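The values are calculated or read from the model by the stated rules, or taken from the named source; none is laboratory data. These numbers come from a predicted model, not from an experiment. No Cβ is skipped: glycine too gets one built from the backbone with ideal geometry, and neighbour counts run over all protein chains shown.
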Amino acid sequence: MADPSPLTSDEFSRLAEFLYRRTGMVFTEAKRYYVERRISERMSATSSRSFTDYFAHLRGEERREVEELINAFTVNETYFYREDHQLTCLTTDLLDERVRAKRPGDTIRIWSAPCSTGEEPYSIAIWLLENWKDVDAYDIEIVGSDIDTDVLEAAAEGIFRKRALMRLSPELIARYFYELDDERWRILDDLRQSVRFSRVNLIDTKQTRPQGRFDVIFCRNVLIYFDDESRRIAAENLYDNLLPGGFICLGHTESMSRISPLFEVCRYSGAIVYRKPLELRA
Amino acid sequence: MTDGARKRILIVDDAALVRTYYRSALEARGFEVEEALNGLEGLDKILLQSFDLAIVDINMPQMDGFTFLRALRSKELPVSAIPVLVTSTEAGPQDMAAARSAGANYYLVKPIKQEALAEYAAIFCGAHR
């Protein structure tokens, strides 16, 4: 790819403002390289000659381009079994811990937020089928949420391309997907039904609260895009959405300790996760 | 082909993940699998199609496994005698007794290993040699 086209600081701040209003994500000058790479991709995809051209295109009637732009900034690198050390941790440590106070038949709730086009919540479902011996003994509820209604629609459709499936063995693909054509696979209907999708903005308590409380939340690679204030609100919302003793898994580059003092750090062999304390501190 | 060739099994369970889990165990063994989401749907399917075995959960909305079994066994049709494996998270003797008196052939307590489920299925639908 050609070198990213440099943005003037005025252009950069106009774009950052645009993205912030649309998504709540904050892009500071520190993320300039990241922003420029994506903008340069979108500019060449739309044959824009300059940033001004592109921005005009974006602010015109091009709703599709707004989505493409947001996608370029949000849905980077998503595929099945991403960061599977956390999935391992889920079935070797977290769930066993959670079921200690439950009995067979009880509900286990798992939240994937943001869930993008469904790779993560479906990965959780497949991982549980393959790796958790108690998978049929509990009423497992998996919820996938995202701010973007288009990705939610795609998630519910459950159609994926080769790239999204690259980490799955041919056996897993054969077991849980059927081939639509050379390029696309659709996940089994039962798996589609095993995940409920809902639109949620993590910094809006009115939207997070109705999701109820979860045993485990996967909230990977989204808090890094928020500013301190949004990040704190999101962390507090997530805390509210956890059952006492419930776990939250962040992306491997993220740390809750730097965001909120509410959570305990739990170090397992495969992953560091955060936990809502069982008893409220005085 | 394996020893389960061409035998048809109906899974009746309201949990989509559980159906997928049992289905993949049974298909791996060569069974043909059909699904129903509750007792009512199960009854409809079993009366209209032909199966060698039904694997039925107990706690389900609309019609639970006990009601399904009693309704099935009370009909004076050839299909009423189909073998039924009950799967349940309840492990108490009174639950097992209730299932037996409702007409279950066998009672499996969840969690059930996939290999074990396939093995019991083979035995109860006469595919075992």
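Figures for the structure shown
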item: Residue in segment B:91-105 that is assigned to a loop (DSSP other than H, G, I, E, B), within 14 Å of chain A (Cβ to nearest Cβ) and either crowded, with 18+ Cβ neighbours inside 10 Å or touching a residue at least 40 places away in the same chain (Cβ under 8 Å) (or both) present; result: no
item: Boolean, residue B:26 is surrounded by fewer than 19 Cβ atoms within 10 Å (Cβ to Cβ) and of a type in the set (A, V, I, L, M, F, W, C); result: no
item: Any chance residue B:54 is buried (at least 20 other Cβ atoms within 10 Å of the Cβ), in contact with a Pro (Cβ under 9 Å, 6 or more places away or on another chain) and not in a loop (DSSP other than H, G, I, E, B); result: yes
item: All helices (runs of 4 or more DSSP H) inside segment A:60-126 with 3 or more residues being touching a helix residue (DSSP H, G or I) at 6+ places or on another chain (Cβ under 7 Å); result: A:63-74
item: Check on residue A:180, touching a Lys or Arg at 6+ places or on another chain (Cβ under 9 Å) and over 17 Å from residue B:15 (Cα atoms); result: yes
item: Filter result (under 23 Å from residue A:34 (Cα atoms), among the charged types (D, E, K, R) and modelled with pLDDT of 90 or more) within segment A:230-265; result: A:231
item: Scan of segment B:115-129 for residues that are out of contact with any Leu (no Cβ under 8 Å at 6 or more places or on another chain), assigned to a helix (DSSP H, G or I) and crowded, with 20+ Cβ neighbours inside 10 Å, ordered by number; result: B:122
item: Hey, residue A:196 under 17 Å from the mean Cα position of the chain (by Cα) and within 14 Å of another protein chain (Cβ to nearest Cβ) or not; result: yes
item: Of all residues in segment A:6-64 being among the hydroxyl-bearing types (Ser, Thr, Tyr), under 26 Å from the mean Cα position of the chain (by Cα) and exposed (fewer than 13 other Cβ atoms within 10 Å of the Cβ), the one that is farthest from residue A:114 (Cα to Cα); result: A:33
item: Strands (runs of 3 or more DSSP E) enclosed by segment A:129-193 - at least 3 residues per element that are within 14 Å of another protein chain (Cβ to nearest Cβ); result: A:139-146
item: Inter-residue pairs, beta-carbon under 7 Å, first more than 14 Å from every other protein chain (Cβ to nearest Cβ) and in contact (Cβ under 8 Å) with a residue 12 or more places away in the chain and in segment B:34-57, second surrounded by fewer than 18 Cβ atoms within 10 Å (Cβ to Cβ) and among the hydroxyl-bearing types (Ser, Thr, Tyr), 6+ apart; result: B:39/B:67
item: Single match in A:153, A:171, A:157 (criterion: acidic (Asp, Glu), surrounded by fewer than 19 Cβ atoms within 10 Å (Cβ to Cβ) and over 30 Å from residue B:60 (Cβ atoms)); result: A:171
